[in-house]
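Reviewing the structure listed below.
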């Protein structure tokens, strides 16, 4: 999932795209370890991360805590995104004609 935020577009406005990323907290044996790892993760995230925590899994394969958060795109992700940014526009315009 991606969230669009203020990249350079016509008019000189600077925009940034954020990407939803996940971290699983697994194989911890005590509550203190879970709290320490989650606190460390929270402290390393930027303010706009909008972090959420969920319990994932089932009784057969086990359960883990999953933390999802927004982060800035890497340069590689941004370059890939830029190559395909206008790919859908040509199709949309041909349908409208």
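May I ask you to verify whether residue 62 is surrounded by 10 or more Cβ atoms within 10 Å (Cβ to Cβ), more than 20 Å from the chain's Cα centre (by Cα) and at pLDDT below 85? Lay out the reasoning, then the answer.
Details: surrounded by 10 or more Cβ atoms within 10 Å (Cβ to Cβ): yes; more than 20 Å from the chain's Cα centre (by Cα): yes; at pLDDT below 85: yes.
When the stated conditions are applied, residue 62 passes them.
Assess whether residue 35 counts as being surrounded by fewer than 13 Cβ atoms within 10 Å (Cβ to Cβ), out of contact with any helix residue (DSSP H, G or I) (no Cβ under 9 Å at 6 or more places or on another chain) and part of a helix (DSSP H, G or I). Can you show your working first?
Working: surrounded by fewer than 13 Cβ atoms within 10 Å (Cβ to Cβ): yes; out of contact with any helix residue (DSSP H, G or I) (no Cβ under 9 Å at 6 or more places or on another chain): yes; part of a helix (DSSP H, G or I): yes.
Here the answer is yes, as residue 35 does meet what is asked.
If you take the residues in segment 38-50 that are under 12 Å from residue 19 (Cα atoms) and loosely packed, with under 14 Cβ neighbours inside 10 Å, which one is modelled with the highest pLDDT?
Initial filter on segment 38-50 (under 12 Å from residue 19 (Cα atoms)): 48-50.
Among the residues that remain, those that are also loosely packed, with under 14 Cβ neighbours inside 10 Å are: 48, 50.
Working: 48: 82, 50: 88.
Only one residue fits best here, namely 50.
The values are calculated or read from the model by the stated rules, or taken from the named source; none is laboratory data. Note that this is a predicted model, so its numbers are computed, not measured. Heads up, the Cβs are rebuilt from the backbone with ideal geometry, glycines too, and the neighbour counts pull from every protein chain shown.
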